Amino acid sequence: MKITDYFEKSKGQTLVSFEVLPPLKGGSMTDIFKTLDPLMEFKPPFIDVTYHREEYVYNKRPSGYYEKTAIRKRPGTVGICASIMHRYGVDAIPHLICGGFSVEETENALIDLNFLGINNVLALRGDARQFEDKFIPEPNGHKFAVDLVKQIDNMNNGIYLDSNIEKGTPTEFCIGVAGYPEKHFEAPNLAIDIEFLKQKIDAGASYIVTQMFFDNDNFFKFRDACVKAGINVPIVPGLKPLTKKYQLNSIPRKFFINFPEPLVKELLKTDDKDVKRLGIDWCIAQCKELKAADVPCLHFYTMGDVDTTYKIVEKI
Ligand code: FAD
């Protein structure tokens with residue numbers, strides 16, 4: 001079923017959904033099931049599975065020189081989606097990125113998804129590779145997520161890359177895209193970022209999932225600004241609880257977001273052993289306020305931490 005249909009059918013009730021990461025290469029589906037089995041109690045209508053492109057690693061050779069190799073540390077997104085749908089009977093949403101894909105490879109990946117009965121995708125640009133200072137598209141690949149959305153929308157209209165295909169079967173992808181309450185780190189300001197977000201919606205995306213945030217006011221301001229800019233699709237808040245003190249620095253460094261002052265002050269005077277408790281309580285309070293503000297769904301970045309996610313969702 002299309003993700004947007006779940007929002008419509010929920011009749012104003014706030015849903016919960018989860019995002020999982022493929023296990024590191026060498027791991028197994030058991031890792032994913034261990035995370036999801038307990039969480040299925042909350043009846044998520046859909047589960048997101050992230051996509052990880054290959055990274056460069058430098059291996060030291062016996063000669064002393066370093067050899068640069070590209071490896072994908074977390075492959076398996078599509079297989080995991082199919083496996084989740086088979087085991088739990090819920091929809092799985094693969095994340096699909098521009099990085100590392102030519103348009104032809106993207107088309108083939110979408111055909112695979114379509115044949116597997118996976119009709120929802122989150123369309124993203126992806127980040128710069130490690131050791132590259134900016135995002136570099138593949139030769140004949142997409143530069144921005146909007147271009148990927150356009151390609152998927154074309155396929156939804158039976159338009160494939162090969163113009164000789166006259167009666168291509170239309171796919172039925174429901175397309176989600178990313179939004180950033182505190183703006184994407186490369187955007188010159190939030191207003192421009194929201195203009196580009198609107199382009200993704202106009203190109204065929206039907207809902208938005210946000211980057212994590214710890215201050216609901218940022219989400220509410222973002223949602224108001226989206227509406228003002230003419231964006232009328234569901235906006236799903238993405239949530240991740242703090243569990244360790246070092247995340248006060250690592251999360252802003254990685255995700256370019258701010259922590260609200262009351263949370264920081266509280267955290268700094270909290271013993272390490274109590275940080276998780278504080279993070280859970282903060283997230284529960286965030287969720288309750290977001291629910292009261294009629295968000296369609298609360299989307300949790302589990303990052304494999306089932307215990308923390310469970311403790312939050314059982315309270316909301
Ligand atoms: P875009 O929408 O293309 O935007 C990227 C930047 O370009 C922004 O600054 C935007 O303002 C600007 N921009 C957009 N369009 C234009 C234009 N036409 N002209 C000029 N500038 C423009 N990454 C992964 O690798 N795998 C994942 O599974 C993954 N999942 C994610 C899930 C969520 C919910 C979120 C929020 C992010 C996820 N990411 C993932 C990270 C994401 O790929 C990065 O944040 C990436 O840097 C931007 O992706 P985007 O789709 O928002 O890009």
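Tabulated values for the structure
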item: Region 41-70 residues that are under 25 Å from Ala109 (Cα atoms), paired with ones that are assigned to a loop (DSSP other than H, G, I, E, B) and more than 16 Å from the ligand (Cβ to nearest atom) (beta carbon under 7 Å, 6 or more apart); result: Pro45/Val90; Phe46/Val90; Ile47/Val90
item: Residue check for Val78: under 18 Å from the mean Cα position of the chain (by Cα), surrounded by 15 or more Cβ atoms within 10 Å (Cβ to Cβ) and β-branched (Val, Ile, Thr); result: yes
item: Residue match in region 96-110 (condition: more than 23 Å from Phe196 (Cβ to Cβ), touching an Asp or Glu at 6+ places or on another chain (Cβ under 9 Å) and of a type outside the set (D, E, K, R)); result: no
item: All positions within region 200-238 that are surrounded by fewer than 17 Cβ atoms within 10 Å (Cβ to Cβ) and within 12 Å of the ligand (Cβ to nearest atom); result: Asp202
item: Residue match in region 46-53 (condition: among the acidic types (Asp, Glu), under 19 Å from Gly176 (Cβ atoms) and surrounded by 18 or more Cβ atoms within 10 Å (Cβ to Cβ)); result: yes
item: Test: residue in region 97-115 that is within 15 Å of the ligand (Cβ to nearest atom), under 21 Å from Phe300 (Cα atoms) and modelled with pLDDT of 95 or more; result: yes
item: Selection count, region 27-73, where residues are more than 16 Å from the ligand (Cβ to nearest atom) and charged (D, E, K, R); result: 9
item: Helices (runs of 4 or more DSSP H) wholly inside region 239-297 containing at least 1 residues that are surrounded by 15 or more Cβ atoms within 10 Å (Cβ to Cβ) and touching a strand residue (DSSP E or B) at 6+ places or on another chain (Cβ under 9 Å); result: 247-255, 275-292
item: Residue tally, condition of a type in the set (A, V, I, L, M) and either part of a helix (DSSP H, G or I) or touching a Leu at 6+ places or on another chain (Cβ under 8 Å) (or both), over region 1-33; result: 6
item: Region 146-177, subset within 22 Å of Val49 (Cβ to Cβ) and among the β-branched types (Val, Ile, Thr), residue nearest to the ligand (Cβ to nearest atom); result: Val177
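The values are calculated or read from the model by the stated rules, or taken from the named source; none is laboratory data. The structure displayed is predicted, hence computed values, not measured ones. Counting neighbours? That spans all protein chains shown, and the Cβs are built from the backbone with ideal geometry, glycine included.
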